[in-house]
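Report on the structure given below.
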Protein chains: 2
Amino acid sequence: MIVTELRATPVAVADPPLRSAFGLHAPFALRTIVELETDEGVTGIGETYGGAAPLAAFAAARSLVIGRDPYDLTPLRLAIGSRVAEHAEGWAWEARRFGPAALFSAIEVAALDAIGQSTGRRVCDLLGGPVRERVDFAAYLFFKHGGNDAWGEVLSPDAIVAEARTMRDRYGFRSLKLKGGVLDPEVEVQTIFCLREAFGSAVPLRLDPNAAWSVATAHSVATRLDGVLEYLEDPVPGIDGMADVAAVAPMPLATNMCVTAFDHLPEAIAKRAVAIVLSDHHMWGGMRATVELGRICRSFGLGMSMHSNSHLGISLAAMTHVAAAVPEITFACDTHYPWQTEEVIVGGKLAIEGGAVALPAGPGLGVTLDRDAMGALHEQYLRAGFTVRDDAAEMRKIEPGWRPHVGDW
Amino acid sequence: MIVTELRATPVAVADPPLRSAFGLHAPFALRTIVELETDEGVTGIGETYGGAAPLAAFAAARSLVIGRDPYDLTPLRLAIGSRVAEHAEGWAWEARRFGPAALFSAIEVAALDAIGQSTGRRVCDLLGGPVRERVDFAAYLFFKHGGNDAWGEVLSPDAIVAEARTMRDRYGFRSLKLKGGVLDPEVEVQTIFCLREAFGSAVPLRLDPNAAWSVATAHSVATRLDGVLEYLEDPVPGIDGMADVAAVAPMPLATNMCVTAFDHLPEAIAKRAVAIVLSDHHMWGGMRATVELGRICRSFGLGMSMHSNSHLGISLAAMTHVAAAVPEITFACDTHYPWQTEEVIVGGKLAIEGGAVALPAGPGLGVTLDRDAMGALHEQYLRAGFTVRDDAAEMRKIEPGWRPHVGDW
């Protein structure tokens, strides 16, 4: 089997005005849809980060992909790595913002989809076989501004409880994650207590202020939320800061910020900075890399969960296949999926029922690209007026002079 | 695809009287040939450790394997693990001597061979694709007694040099590994100097006394062989002992004794006990596990080589597929293969040329079981008169009262 064409189509997906420590979501989330055509007639698909950087990287990597056997993935990973290293100058600036791990991952997903279609097997089978047929996800609770959506403004503990109730009613989520770092830490602690009161101790709660806090604040919050949080995610920046918090915090610390690549693991492990790694196949270098991360987490006694960015159904399918194949992912995974109403796959949005997504039944990823829908979202990308995500700039449109908290709240 | 039959056939393979710190090789090496029949008509094959323990384990695991999809490997690994744990009492004593990692690995190899045959792909493709089409192996030099073989007695530095010369002439090996722990450490140091003098500094040399030495001896040997050894393998027992030696030794320390499972890695890494891990898919839980070990070694700055036991061509093919798919295996791999003259695969022994084995061309492992040859080696097993390897007992037949050195030479 040989890859005959690599297409990367930028799309913009309507996104509500969600808040985080980084600022405000723009009206559109940017994604890239990847298509890998093969000489066997099957076309593998994938989805990754959006905007100018991935497009430049896909263009730069094109000659490494076309003509290659889709099974030939480890060699492709090494080739991308050395091409990026060798051509650090020639490799366009935009492309360098989309690193080799993310670039390889995007192609690997499409290649595994193609292999799955070609062999009639699900992607999870190609990763070693599923240990679960349904993957649990958590409700991803955001403070948000009022917008062109049905959720309205959510900027208080009570409003978060109402949002959580809707999320649970609609999707059956059995775990709740609050994106913090938005309001005063006191208010966010209060919000967690309100969620606990509303839903009881059987519903695991997580809080993720995206490293907005100081170590002192994190110590205080962690101590007060003893017995309330399942885990505390990225309270402060950096491995050393996380280690300082971990030494005091009664609950596990999780991260998708200070440990985002394999190279970060030795220091984090040596310093006991984190107890739970939030995997993300888009970021960590692919689906097989996530299986490998699972082995590392198991070997070193780390827990494993899954991080999310705003995404469409191709990514949700890929995340579901990965989480099904990685026994170490025992926590409900993050997903922004309920926040996106648009879709690029045939049949529209995948179902989340009982807080879980069932493994799609078909071969490969089990989802099919709706080319008309992709075309419409591509048109939306062209009209969106931006090609780089900048949540801080978006926030400053509303509050001029707004600056993110980074370890100082 | 469904597994319809699991067969484990014990065989005995003629083996020369090789010496090691553990004693003397018996006239036969015991191996087990695994066959996994499927409802698609293809039969996957594998090869693993021999004797009574594997047979008991295969019998105990039979119900977990029959009726399972060969792709369903991670669930099988977990099922074997929990069955062994749950039935620690009921699981026959013999079976418990062949641990879950080895048991799973033996079945995984046969399953991947079946998948490869079913999809027309090589096993290395199923592991992520080959980064090399030829895999380098090292000449495995042994002190030995005279026996029914053409090698004669090898119990002096000069005789080892002659053995190495024959190995190089016959197979083109470009790396030399001496199995030590047999003669006085002084004589083994002298042997290394003789090898260096005979073959020059372009031929990497390794010495492996299988943990026979004391830390003091290891310090002395390591210091004197500075600039001569590529790596020193298992000079002393245990992670703490290895760490003591590593703190002084100018060359990297390698191991296949103090780090033989993923659980051993955290302590070994924290104590900087070893610089190179000798992988072995038979021991570490399979071919995918070895890919995962590669990721760990890369992430933690460890080198990676490959260990061997006495084996036939099915294992050599599997080792070649694994080493081809794991970029981190940059050292020439160990193999006992030249010491075994008998074979169970069609066409007889695989070729070692230029010190390397080419990836077999066919689908799966690319080797085919010769059932007549297997039958003959099975008959030999039934006549061999033993079902558990015991090199020390074999040694005592010649030197009554012989005891192995364990960290005390």
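Data overview
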{"quantity": "Which listed residue is surrounded by fewer than 23 Cβ atoms within 10 Å (Cβ to Cβ) and out of contact with any His (no Cβ under 7 Å at 6 or more places or on another chain), from A:320, A:330", "calculated": "A:330"}
{"quantity": "Options B:116, B:181, B:152: the member that is of a type outside the set (Phe, Trp, Tyr), open to solvent by less than 10 Å² (accessible area, probe 1.4 Å) and more than 14 Å from every other protein chain (Cβ to nearest Cβ)", "calculated": "B:181"}
{"quantity": "Output for the range A:343-377, where each listed residue is more than 24 Å from residue A:324 (Cβ to Cβ) and within 21 Å of the chain's Cα centre (by Cα)", "calculated": "A:374, A:377"}
{"quantity": "Residues of the range A:164-185 that turn out to be over 17 Å from residue A:331 (Cβ atoms) and part of a strand (DSSP E or B), as a count", "calculated": "0"}
{"quantity": "Candidates A:189, A:259, A:291, filtered to the one that is crowded, with 23+ Cβ neighbours inside 10 Å and either in a helix (DSSP H, G or I) or acidic (Asp, Glu) (or both)", "calculated": "A:291"}
{"quantity": "Boolean, residue A:160 is closer than 30 Å to residue A:38 by Cα and aliphatic (A, V, I, L, M)", "calculated": "no"}
{"quantity": "Residue check, residue A:320 among the β-branched types (Val, Ile, Thr) and either assigned to a loop (DSSP other than H, G, I, E, B) or farther than 17 Å from residue A:130 by Cβ (or both)", "calculated": "no"}
{"quantity": "Residue under evaluation residue B:140, criteria (1) surrounded by fewer than 21 Cβ atoms within 10 Å (Cβ to Cβ); (2) not in a loop (DSSP other than H, G, I, E, B), criterion not met", "calculated": "(1)"}
{"quantity": "Of all residues in the range B:135-183 being in contact (Cβ under 8 Å) with a residue 24 or more places away in the chain and acidic (Asp, Glu), the one that is nearest to residue B:233 (Cα to Cα)", "calculated": "B:136"}
{"quantity": "For residue A:85: the one exception among (1) open to solvent by 10 Å² or more (accessible area, probe 1.4 Å); (2) part of a helix (DSSP H, G or I); (3) at pLDDT 95 or above", "calculated": "(3)"}
{"quantity": "Criterion: among the aliphatic types (A, V, I, L, M) and open to solvent by 50 Å² or more (accessible area, probe 1.4 Å) - qualifying residue of A:212, A:216, A:164, A:159", "calculated": "A:216"}
{"quantity": "The range B:385-405 residues that are farther than 16 Å from residue B:310 by Cα, paired with ones that are open to solvent by 80 Å² or more (accessible area, probe 1.4 Å) and aromatic (Phe, Trp, Tyr) (beta carbon under 6 Å, 6 or more apart)", "calculated": "B:404/B:22"}
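So that you can scan it fast, the table gives a plain yes or no per residue for (1) among the β-branched types (Val, Ile, Thr); (2) free of Cβ contacts under 8 Å to residues at least 40 places away in the same chain; (3) more than 11 Å from every other protein chain (Cβ to nearest Cβ):
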{"site": "B:253", "(1), (2), (3)": "no, yes, yes"}
{"site": "B:271", "(1), (2), (3)": "no, yes, yes"}
{"site": "B:276", "(1), (2), (3)": "yes, no, yes"}
{"site": "B:289", "(1), (2), (3)": "no, no, no"}
{"site": "B:303", "(1), (2), (3)": "no, no, yes"}
{"site": "B:308", "(1), (2), (3)": "no, no, yes"}
{"site": "B:317", "(1), (2), (3)": "no, no, yes"}
{"site": "B:321", "(1), (2), (3)": "no, no, yes"}
{"site": "B:325", "(1), (2), (3)": "no, no, no"}
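The values are calculated or read from the model by the stated rules, or taken from the named source; none is laboratory data. Quick caveat: nothing in here was measured; it's all calculated off a predicted structure. Glycine gets a Cβ as well: all are built from the backbone with ideal geometry, and neighbour counts include every protein chain shown. Heads up: the accessible areas ignore ligands, DNA and RNA and are worked out on the full protein's heavy atoms, side chains in. Shrake-Rupley method; radii C 1.70, N 1.55, O 1.52, S 1.80 Å.
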